[in-house]
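Reading through the structure tokens given below for one structure.
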Amino acid sequence: MDEVLVVGASVGGSTAAETLAKAGVPVVMLERDLARVKPCGGAVPPVAFKEFDIPQSLISRKVHHALVHSPSERTVAIDVVGTSPHSDDDYIAMCCREEFDQFLRNRAVAQGAHLIEGQLLDLKVTPAGVTTTYREKASGATKTLRTTAVIGADGAYSPTAKALGLPNLPRCVAIQERIRLPDDKMARWADTADLYLGTEVSPDLYAWAFPKKDHVAVGMGAGHGHTKAAKQHLANLKQRIAPELAGGEIILQEAHALPMQPRPQIAFDRAMLVGDAAGLVVNTSGEGIYWAMKSAQLAAEVLAGSLLNPSAERLLRYQRTWWKQYGTMYRFLRWLQKWGYGGERQMEVFTDMCRNRDVQQLTFESYMHKTMAPMPWLAQMRMTGDILKAQVKYYLPRMRPAGKPAARGYA
Ligand SMILES: Cc1cc2nc3c(=O)[nH]c(=O)nc-3n(C[C@H](O)[C@H](O)[C@H](O)COP(=O)(O)OP(=O)(O)OC[C@H]3O[C@@H](n4cnc5c(N)ncnc54)[C@H](O)[C@@H]3O)c2cc1C
């Protein structure tokens, strides 16, 4: 009997498998399609490269500036810098998932994980162990595997969660096109990632244009009630930035679900869920790569220390540690998403808030380095003042001279 089965060999699964293999635990990774490229914007925080010892050669482009576009196309230019003095570690890494995932998977295998290409069909957890059936891709044969425990790292639709009898999570659909641009057009995106707000381009999240070495990935996310219109929203976005995409060639169209909230329970008898399967994407940004890797690492460490008795009671240490460490941050970002994306007027307020230097630095500090720096009282006062000013500006329209439209252009 192998000790642990990891379902899914994407960023979360490979990290779990590598962590277990390094701890000397026999581990099998089951991945239904090794050739598939995970639909993704590929934005990764620099801290991931340090914490997970990932080579910088996997970064397709480093971005040091961001532009936030409000619904009325007022634009805020932001430098990607944190609260500490500017360093070479202040950037957003833009990666291509076909290379990033492949690297992590190969590294897990090099550490000793056994990789099987096959689709999970069913799994049963009993007091004696976990029995899994899967369809092997090469032969088409249905096979059985017995393990001590299982980690479900199988994404937003998680068949592992389903087999455990858990309900589907609320999901949004994110769609994206990779567009290869002529060199002169690519120059515009050389060092900048753009975020677009507006109900016609992205009613529930933001829409984005993330540059890579030879293309720009343009995409948006649509939540419950808006998914059918996702293609139209993307078309609206492309229309909005048409001059900047002129002469471009679509090289890939991709779409996938993103979980919109964490599962209430992510550890059970002999079973754990990580990454998207556990719903650990952060709402405001749709960021999930780092969180999938981080949760997978923690789950694997807890499991490696509990293999003699992988009871829910012992494995729940993973869940408790996770929420102790990140609970405040998830709750804050969830609130921010509801507050900032709650309609076009609020998106204008959100854009104004992005002009505040303290907000910029705190946002990027927490994104890039995953630390929530305590905010000095003076900064808190400045932020509160700016937020109130923006709320008044957009919720008391009569204060504007009659007939004068909201400002357009660079703020
Ligand atoms: C369009 C889009 C843009 C995004 N942009 C970003 C971004 O810029 N930055 C960021 O941080 N996050 C982004 N995300 C989120 C990010 O892609 C995910 O959070 C991350 O990939 C989650 O990793 P994971 O390992 O948990 O799951 P996944 O990457 O979804 O991997 C799950 C794996 O399980 C496998 N699997 C599923 N079912 C089975 C089965 N029955 N049998 C065997 N294997 C199975 C799948 O083939 C897959 O390889 C984006 C998501 C989307 C959809």
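Checking residue 125 against (1) in contact (Cβ under 8 Å) with a residue 12 or more places away in the chain; (2) within 16 Å of the ligand (Cβ to nearest atom), which single condition isn't satisfied?
(2)
How many residues are of a type outside the set (S, T, N, Q) and out of contact with any strand residue (DSSP E or B) (no Cβ under 6 Å at 6 or more places or on another chain) if we restrict to the range 63-78?
From the range 63-78, those of a type outside the set (S, T, N, Q) are 63-69, 71, 73-74, 76-78; that's our starting set.
Restricting the remaining residues to those that are out of contact with any strand residue (DSSP E or B) (no Cβ under 6 Å at 6 or more places or on another chain) gives 64, 73-74.
Final tally of qualifying residues: 3.
Do you know which residues across the range 258-296 are of a type in the set (S, T, N, Q) and part of a loop (DSSP other than H, G, I, E, B)?
Taking the range 258-296 first, the residues of a type in the set (S, T, N, Q) are 261, 265, 283-285, 295.
Those that are of a type in the set (S, T, N, Q) and part of a loop (DSSP other than H, G, I, E, B): 261, 265, 283, 284, 285.
How many of the residues in the range 149-184 are in contact (Cβ under 8 Å) with a residue 24 or more places away in the chain, in a helix (DSSP H, G or I) and open to solvent by 10 Å² or more (accessible area, probe 1.4 Å)?
Of the range 149-184, the ones in contact (Cβ under 8 Å) with a residue 24 or more places away in the chain are 149-161, 163-164, 166, 169-182.
Still in the running and in a helix (DSSP H, G or I): 159-161, 163.
Checking which are open to solvent by 10 Å² or more (accessible area, probe 1.4 Å) leaves us with 159, 163.
The number of residues fulfilling the criteria is 2.
Assess whether residue 228 counts as being open to solvent by 40 Å² or more (accessible area, probe 1.4 Å) and modelled with pLDDT under 95.
Working: open to solvent by 40 Å² or more (accessible area, probe 1.4 Å): yes; modelled with pLDDT under 95: yes.
Judged against the criteria, residue 228 is a match.
Starting from the range 108-120, take each residue that is among the basic types (Lys, Arg) and list its partners that are open to solvent by 60 Å² or more (accessible area, probe 1.4 Å) and not in a loop (DSSP other than H, G, I, E, B), counting only C-beta distances under 7 angstrom and pairs at least six apart or across chains.
Every condition considered, no pair remains.
Does residue 93 fit the bill of being within 12 Å of the ligand (Cβ to nearest atom), open to solvent by less than 50 Å² (accessible area, probe 1.4 Å) and at pLDDT 95 or above? Give the steps one after another, and end with the answer.
Details: within 12 Å of the ligand (Cβ to nearest atom): yes; open to solvent by less than 50 Å² (accessible area, probe 1.4 Å): yes; at pLDDT 95 or above: yes.
Yes: the conditions hold for residue 93.
Quick one: in the range 275-290, of everything that is more than 7 Å from the ligand (Cβ to nearest atom) and under 8 Å from the mean Cα position of the chain (by Cα), which residue is modelled with the lowest pLDDT? Walk me through how you get there before you give the answer.
Filtering the range 275-290 for residues more than 7 Å from the ligand (Cβ to nearest atom) gives 278-280, 282-285.
Filter once more, keeping what is under 8 Å from the mean Cα position of the chain (by Cα): 282, 285.
Details: 282: 89, 285: 81.
This residue is 285.
Look at the range 120-143 and say how many of its residues are of a type in the set (Gly, Ala, Ser) and in a strand (DSSP E or B).
Here is the first cut: in the range 120-143, the residues of a type in the set (Gly, Ala, Ser) are 128-129, 138-141.
Then drop every residue that is not in a strand (DSSP E or B), which leaves 129.
Number satisfying all stated conditions: 1.
Can you tell which of 23, 43 is surrounded by 18 or more Cβ atoms within 10 Å (Cβ to Cβ) and among the small types (Gly, Ala, Ser)?
43
Look at residue 48 and say whether it is in a helix (DSSP H, G or I), out of contact with any strand residue (DSSP E or B) (no Cβ under 7 Å at 6 or more places or on another chain) and either within 16 Å of the ligand (Cβ to nearest atom) or touching a residue at least 12 places away in the same chain (Cβ under 8 Å) (or both).
Here the answer is yes, as residue 48 does meet what is asked.
Can you find even one residue in the range 236-245 that is of a type in the set (Gly, Ala, Ser) and within 11 Å of the ligand (Cβ to nearest atom)? Before the answer, list the steps.
Restricting attention to the range 236-245, the residues satisfying the condition of being of a type in the set (Gly, Ala, Ser) are 242.
Adding the requirement that they be within 11 Å of the ligand (Cβ to nearest atom) leaves none.
No, every residue in the range 236-245 fails to be of a type in the set (Gly, Ala, Ser) and within 11 Å of the ligand (Cβ to nearest atom).
For the range 185-205, what are the residues that are buried (at least 17 other Cβ atoms within 10 Å of the Cβ), of a type in the set (A, V, I, L, M, F, W, C) and not in a loop (DSSP other than H, G, I, E, B)?
Answer for the range 185-205, where residues must be buried (at least 17 other Cβ atoms within 10 Å of the Cβ), of a type in the set (A, V, I, L, M, F, W, C) and not in a loop (DSSP other than H, G, I, E, B): 186, 189, 193, 195, 197, 205.
The values are calculated or read from the model by the stated rules, or taken from the named source; none is laboratory data. Just so you know, these numbers come straight off a predicted model, no measurement behind them. Heads up, the Cβs are rebuilt from the backbone with ideal geometry, glycines too, and the neighbour counts pull from every protein chain shown. To get the accessible areas, we keep the full protein, side chains included, count just its heavy atoms, and leave off ligands, DNA and RNA. Shrake-Rupley method; radii C 1.70, N 1.55, O 1.52, S 1.80 Å.
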